[in-house]
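What follows draws every value from the coordinates through simple rules; no lab data is involved. Fair warning: this is a prediction, and the values are worked out from it, not measured in the lab. Please note: Cβ atoms are built from the backbone with ideal geometry, for glycine as well, and neighbour counts cover all protein chains shown.
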Amino acid sequence: MNLENKVVVVTGGGRGLGQAYAQAMAAEGAKVVAADIRDTAETVASVEAAGGDILGLDLDVTDMASCQNMADQTVAKYGRIDGLVNNAALYGDISGGRFNELSEDQWDRVMSVNVKGIWQCCKACVPAMKDAGGGSIINISSLAATYGMPFAIDYATSKAAVIGMTRSLARELGRSWIRVNAVAPSAVLTEGTDDFMGPVRDKALAVIASQQSLNANLTTDDMTGTIIYLASDASKFVTGQTIMVDGGSVML
């Protein structure tokens, strides 16, 4: 699953899972672009300290011009794009609540980042992937989409849309040898999960783990192997799939 000479963009690469993906793929030999609306300096420093090749970029996935700038700067620096990990999402920055009590503003923001943002990053990066002769797009969905997540219907709906988008893109882009897959994790021990769950974090994580066949909460290290596999040529005939990384909560 070596990623030597592959150029991979990771959105939401400033912290948490995005940072872990960037670090892991760089360790496998990829040239990584960590793009985020947050500061990516920590991610860049950690990859460079380990001897990796990385470019940190500012990115607002809700702004098509920003997405295009990200793709253009990646090609200018590395000459190509082979992979795109659509990880950027609103999660820790939103409030849970009953479906009829959520604000319209929050609903629109979640859809703009979690759904439209992926669409726009794909629009920006796919031309370079076609020029490179193919590539791999990895969209981060969630257990919330397949299991059903109460009191976060906006988030769950957005992540279900990611699965639908993944399947449609896989059929549309296959002729260009661009593979498109989704990864749907359970709750992962990150800052975003801490922010989202707040004071009920420990209780909620215990309940989630108890419903899994593998009775433990996911860490970022539990996610990176699947991402590396999908970004590598080891998965060259895998497309349109949703891979659950959830300890056996949902079995598709």
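Summary table below
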item	result
Over the stretch 43-127: Kirkwood hydrodynamic radius from C-alpha pairwise inverse distances, Å	14.7 Å
Over the chain, relative contact order from alpha-carbon pairs under 8 Å, at least 6 apart, %	19 percent
Relative contact order, percent, the stretch 5-90 [alpha-carbon distance under 8 Å, six or more residues apart]	36 percent
Sequence-distant residues sharing a close amide H with Ala88 (under 5 Å, placed H)	Thr11, Gly12
Sequence-distant residues sharing a close amide H with Leu102 (under 5 Å, placed H)	none
HN-Hα J in Hz across the stretch 150-160 - Karplus 6.51, -1.76, 1.60, θ = phi - 60°, x for Gly and Pro	x, 6, 8, 5, 5, 5, 4, 5, 5, 6, 5
Sites excluded, chymotrypsin sites (Phe, Trp or Tyr not before Pro) in DSSP loops with at most 16 other C-beta within 10 Å, longest stretch of the chain	1-150
The stretch 58-187, Rg to Rh (Cα coordinates; Rh as Kirkwood inverse mean 1/r)	1.01
Whole-Hz ³J(HN,Hα) from phi, Karplus 6.51 cos²θ - 1.76 cosθ + 1.60, for the stretch 237-252, glycine and proline x	10, 10, 7, x, 9, 10, 9, 7, 10, 9, x, x, 7, 10, 10, 7
Relative contact order of the stretch 26-141, pairs being alpha-carbon contacts under 8 Å that are 6 or more residues apart, as %	29 percent
Extended-chain gain in nm, criterion 0.36 nm per residue less alpha-carbon gap, Ser210 and Glu48	54.5 nm
Cα-centre dipole for the chain with unit charges at Cβ (Lys and Arg positive, Asp and Glu negative), debye to 20	900 debye
Share of Cα-Cα pairs in the stretch 111-151 lying beyond 13 Å, as whole percent	64 percent
Residue pairs, from the table Lys77/Lys159; Lys123/Lys159; Lys77/Lys236; Lys6/Lys116; Lys77/Lys130, whose Cα atoms sit over 23 Å apart	Lys77/Lys159; Lys77/Lys236; Lys6/Lys116
5 angstrom amide H check on Ala152, placed H, neighbours 5+ away	Gly97
Pair Arg80, Arg175: separation of 7 Å Cα→Cβ label points (nm)	2.3 nm
Among beta bridges that DSSP assigns inside the stretch 1-150, antiparallel share in %, nearest 5	0 percent
Among (1) 18.2, 62; (2) 17.0, 50; (3) 17.8, 55, the entry derived from the coordinates for Rg and Dmax of the Cα atoms in Å	(2)
Inter-label distance, nm, simple model (7 Å from Cα along the C-beta direction), Phe237/Asp72	4.0 nm
The stretch 143-252: Cα Rg divided by the 2.2 N^0.38 Å rule of thumb	1.15
Helix 117-131 vs. the chain, principal-axis angle (Cα, 0 to 90°, nearest 10)	20 degrees
